[in-house]
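Input: a single structure, listed below in structure tokens.
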Amino acid sequence: MSWTENKKRSAGGVTVALLWVLCALDWRGTQWLPLVLQGLVFGAGTGCTLFVTWRSRTRRDRHFWFVATLSYICVWQFLLFATDVVLWDELRGVLARLGLGALFLIGLCWTTWILETTSQYYLFLRRDPRSIDEVCDLSWVPHQPTRRRTPARIWNPGDPNAWYYGRRRNKLNQSLAGFISYSLLFVLVCMMISQFQGCYEIYEIPAGGGEAKAVAQVVKVQKVIRQKFVVNPFSSILFQVPPIDEVKLQLEEVTEHAYTPGYGQGTGAGFAGGTNRGKVRFIRLEYSGGDWDQDYGVGGDLNMLIKYYELTTHKIAERTESRRIAQLTNFPRGKSPPVVYLTGQRNISLSNNEVKVLREYLLEKHGMLFGDNGGSRHFHNQFLSMMNRVLPDVRPVAVPLDDVIHRVPFPIPFLPYVAPHGGKQALGWYQDGRWLCYYHPGDIGDAWSDGHAGVSAEITNACYHLGANVLFYAHMEYAKWLTAQDTDK
């Protein structure tokens, strides 16, 4: 192979590697790149590494095992990406855990090999000093055969005679130190990668416009009785006999003017201040002490997100998401989620910093909290106590049925619930002309899940409509705020 061809192949490999890393970081973080591009890059990276591994199979040296390690990482990432795209969350979780464990073992093997190779290298140099000249030129060092120098402390971790390994069992101590150091480094890297999901994130609402008013669709069935004529068949006057059917059913559909739910003067269903790549996302909060993931994902709140699209035609995300409360700081002002969801049925344990972050999200970033009692009176008390810490100057009030959040875009004639764990009235925290928090006391999320908790179709539809109203209200208020910010500028 010529030098030019080798250089071209190296440049191509580096390009694919950089694109692969970029797509991997984007997939875990901002997700700006389209899924098609990410899939192509992950597939290309997997194919390239597998091809190089196959071509190097006869060598069985460190080059082969290094490429095989890269192939494993690429294949693992591609499988995680594929299962994520098709929404096989359970399989993706299993692959993530098993793959991470296998990656730890592979890295441990490399660590052991490096330590063993370096330790043998230094031991060989000590046993055969003449080989030092083969490694480096020491002719500049003055030779003093009659004087014996006391060796200085050795700091090199690859040398088993390093002073911190001790004089006894230094090889064993080196192995233990290498294992502990590698384990700590592996955990640290995993924590850093997991934090990258929230190093910097943006939330963009879908661009468009529409009207914020109630959808009214009423179908009335009116009986129209035709006049009945008595005709003398022997009369000299010709008269057309009416048809046999004397009663005609006439359906009159009474609707308000057809409109697109949204806010602003944009084109298509959406909100003013949004972007073309913006989507309505369903983000729930993770917290300590309870079951934050109740009815999470496929078969749960994803049903609500899909139903929101059917009801409003707004663009939505492919799946629901979760974030720790501390990760709300990663969303900048003006690019934060308009609403986040919190549910459960046990304890809610928040640190003082989490309380501060949630307060800043609600007040400074114009966010909204959608609380849902997942199944106990205890959670009701926990939620009220949490909100008392987050918004100590705002007191909860009952949200009336004639409030805009219960009327737009779908009128809610009654508060639907699965079970009144925290009462039969929705509570809200209201300030500066908007709801900062909406709390549903009756496990509305259970009605969204598969099976709908056994409630009637009327309750299920009402719960879907109420969920759509809360999501719509939060995005509408956020769009108003963004528009006002642009006007002030």
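The values are calculated or read from the model by the stated rules, or taken from the named source; none is laboratory data. Every value quoted in this text rests on a predicted model; they were computed, and no experiment measured them. Every residue, glycine among them, receives a Cβ derived from its backbone with ideal geometry; neighbour counts consider all protein chains shown.
A few comments on the model shown:
- Looking across the range 266-289, the residues that are out of contact with any Asp or Glu (no Cβ under 8 Å at 6 or more places or on another chain) and surrounded by fewer than 20 Cβ atoms within 10 Å (Cβ to Cβ) come down to GLY266, THR267, GLY268, ALA269, ASN276, SER288, GLY289.
- Of all residues in the range 80-99, those that are modelled with pLDDT of 90 or more and under 23 Å from LEU40 (Cα atoms) total 1.
- Scanning the range 313-358 for residues that are among the hydrophobic types (A, V, I, L, M, F, W, C), within 19 Å of the chain's Cα centre (by Cα), assigned to a loop (DSSP other than H, G, I, E, B) and crowded, with 19+ Cβ neighbours inside 10 Å yields PHE331, VAL339.
- Restricting the range 21-70 to residues that are under 18 Å from the mean Cα position of the chain (by Cα) and exposed (fewer than 13 other Cβ atoms within 10 Å of the Cβ), the residue that is nearest to ALA82 (Cα to Cα) is PRO34.
- Contact annotation: residue pairs with Cβ atoms under 8 Å, 6 or more positions apart or on different chains, pairing a residue in the range 290-310 that is in contact (Cβ under 8 Å) with a residue 40 or more places away in the chain and closer than 13 Å to GLY467 by Cα with a partner that is crowded, with 20+ Cβ neighbours inside 10 Å and among the acidic types (Asp, Glu), are ASP301/ASP295.
- Tally, over the range 260-311, of residues that are in a strand (DSSP E or B), of a type in the set (A, V, I, L, M) and farther than 23 Å from SER376 by Cβ: 3
- Just one of (1) at pLDDT 55 or above; (2) loosely packed, with under 12 Cβ neighbours inside 10 Å; (3) of a type in the set (D, E, K, R) fails for GLU204. It is (2).
- Residues located in the range 421-445, provided they are within 13 Å of LEU384 (Cα to Cα) and among the hydrophobic types (A, V, I, L, M, F, W, C): ALA426, LEU427, TRP429, CYS437
- When residues of the range 434-489 are limited to those that are part of a strand (DSSP E or B) and not charged (D, E, K, R), the one surrounded by the fewest Cβ atoms within 10 Å (Cβ to Cβ): LEU436
- Qualifying residue in the range 213-224 (condition: surrounded by 10 or more Cβ atoms within 10 Å (Cβ to Cβ), closer than 30 Å to ARG323 by Cβ and at pLDDT 55 or above): no
- Test: residue in the range 406-429 that is within 19 Å of GLU458 (Cβ to Cβ), outside any loop (DSSP other than H, G, I, E, B) and either modelled with pLDDT of 95 or more or of a type in the set (Phe, Trp, Tyr) (or both): yes
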